[in-house]
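Notes for the one structure printed next.
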Amino acid sequence: MNDAPIGIFDSGMGGLTVMRALAARLPDERFLYLGDTARLPYGTKSAETVRRYALQAAQALTARGVKLLVVACNTASVSLPALQEALAPLPVIGVIEPGAQAALKAAPNGPIAVIATEGTVKGGAYVRSIQAHRQTPVVQQACPLFVPMAEEGLIDGPIADAVAHRYLDPLMATMPRPRALVLGCTHFPVLKNVVARAVGDDVTLVDSAATTAVAVAQLLEERGLARRTKSTEPQCFLATDSPDRFARVGEIFLGKAIDPGSVELVDLQ
Ligand code: DGL
C-alpha cells in the first residue's frame, strides 16, 4: 500500500496547485491526478450536483488503487463527509480545514477574509471551519472572474489588478480590517501577486494548497502510509475532456510542462 499513489481530485486543472505543493513537500510520493474538465466549473453548480460529481471522481481514483484521496477542489469540499463515509477506511482529506487552521494562525487576534467561488461562499464551509475553532468575524467574497483569468494566464498586469481591486477593495474595507486572507479556490494561488498588491502587505495571504500538503504529510506518517523509496514512475494524469488543453493550461498551475501523452481521457459516468 505504501507504494500506491496519492489520488488528487479537482473540477479541472486548478487542483494542480495543490499537487505542486504536495510534490514539493513529498518528493518521494507518486500522484494520480484527476481533473473533471468536462464538467468544470463546479463553483456555479448546486451542492447536490457537485456531491454527485465528486463521488464519481473519487470512485474512479479508488478503482485505480490510491492509498489516500485529496479533494483539492474547495467547492467539492461540500462532499467531504459523504466521501469519507463512502470510501472508509480510505483516508480522505480536503483543503478547507487546513486552510482554516492556517488562517487562524496567521490572524491570531483579527478577523479573517475568504475569497472563493460562489459555491464555496454560499456553502460557508470556511466560516464554519474557522468559527469551530474560534469565534472570530469572517467576511467572504466570491471572485468568479479569477477562475477564467487564471486559465487564460491573465495573472498579472493592469486588467488583473483592476479585477482584483473591484473584488477586494470592498472586502478589505470591512471593519475591523481583516488580518488574513484565505485563497479559498484552487485557481487563486497563481494570482497571489495580484491579490497581495491589491490588499497591501499588512494582510497575510493563506494558500490552502501549501497548508494541505503539510496536513497530508502528517496523515501519511500517522497512518504509516508514506513511501519508503522514491517513485521513478512517470507522472500521469486523468481528465474527462480535452487532454491537450489539460496539458497546455495545466502548466500554469503545476508550474512545469505537462506531456499531453501523459493525460488519459476518462469517462466518469
Ligand atoms: N476547483 C474549484 C475550487 O477550488 C474552482 C474551479 C471551479 O469552479 O470548478 O473551488
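Which whole-number percent is the relative contact order of segment 56-134 (Cα, under 8 Å, 6+ apart)? Provide the component values of the computation, followed by the final result.
On the way: 66 pairs, mean separation 23.7, N = 79.
Averaging sequence separation for qualifying contacts and normalising by length gives 30 percent for segment 56-134.
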Gap separating the Cα centres of segment 190-262 and segment 1-43, nearest whole Å: 7 Å
Segment 67-142-segment 160-176 distance, computed between alpha-carbon centres (Å): 22 Å
FRET E, pair Ala217, Asn109, Förster distance 25 Å, beta-carbon r, rounded to 0.05: 0.30
Nearest-10 value in Å² for the accessible area of Met172, using the 1.4 Å probe: 10 Å²
Protein accessible area in the chain, 1.4 Å probe - carbon and sulfur %: 53 percent
Ile115 - accessible surface, heavy atoms, 1.4 Å probe, Å² rounded to 10: 0 Å²
Estimated distance in nm for a label pair at Ser242 and Leu154, the labels positioned 7 Å out from Cα along Cα-to-Cβ: 1.5 nm
Gaussian network model of the chain, Cα within-10 Å springs - most flexible of Ser11, Ser129, Ser77: Ser129
Long pairs among Lys67/Lys122; Lys230/Lys256; Lys45/Lys256, criterion Cα-Cα beyond 23 Å: Lys67/Lys122; Lys45/Lys256
Per residue solvent-accessible surface (Å²) - the chain, probe of 1.4 Å: 43 Å²
Cα Rg, Dmax (largest Cα-Cα span) when computed across the chain, Å: 17.6, 52
Within a Gaussian network of the chain (alpha carbon springs, distance under 10 Å), most fluctuating of Gly250, Gly12, Gly200: Gly200
Structure-based [θ]222 nm, the chain - -39500 (n - 2.57) summed over DSSP H runs of at least 4, per residue, nearest 500: -13000 deg cm²/dmol
For the chain: relative contact order, % (alpha-carbon pairs under 8 angstrom, 6 or more apart): 27 percent
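Counting pairs of alpha carbon atoms under 8 Å apart in space and at least six apart in sequence, what relative contact order in percent does segment 152-269 give?
Numbers: 101 pairs, mean separation 25.5, N = 118.
Over segment 152-269, the number comes to 22 percent.
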Positive dipole terminus of the chain, leading residue within Gly65, Ala88, Val190 (C-beta point charges): Ala88
Gaussian network model of the chain, Cα within-10 Å springs - most flexible of Thr49, Thr204, Thr75: Thr49
Asp161 accessible area, 1.4 Å probe, all protein chains in place, Å² to nearest 10: 40 Å²
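The values are calculated or read from the model by the stated rules, or taken from the named source; none is laboratory data. Worth saying up front: this structure is predicted, and the values here are computed from it rather than measured. Because the Cβ atoms are built from the backbone with ideal geometry, glycine has one as well, and the counts that use them run over all protein chains shown. When the accessible area is computed, the model is the full protein with side chains, heavy atoms only, and any ligands, DNA or RNA have been set aside. Shrake-Rupley method; radii C 1.70, N 1.55, O 1.52, S 1.80 Å.
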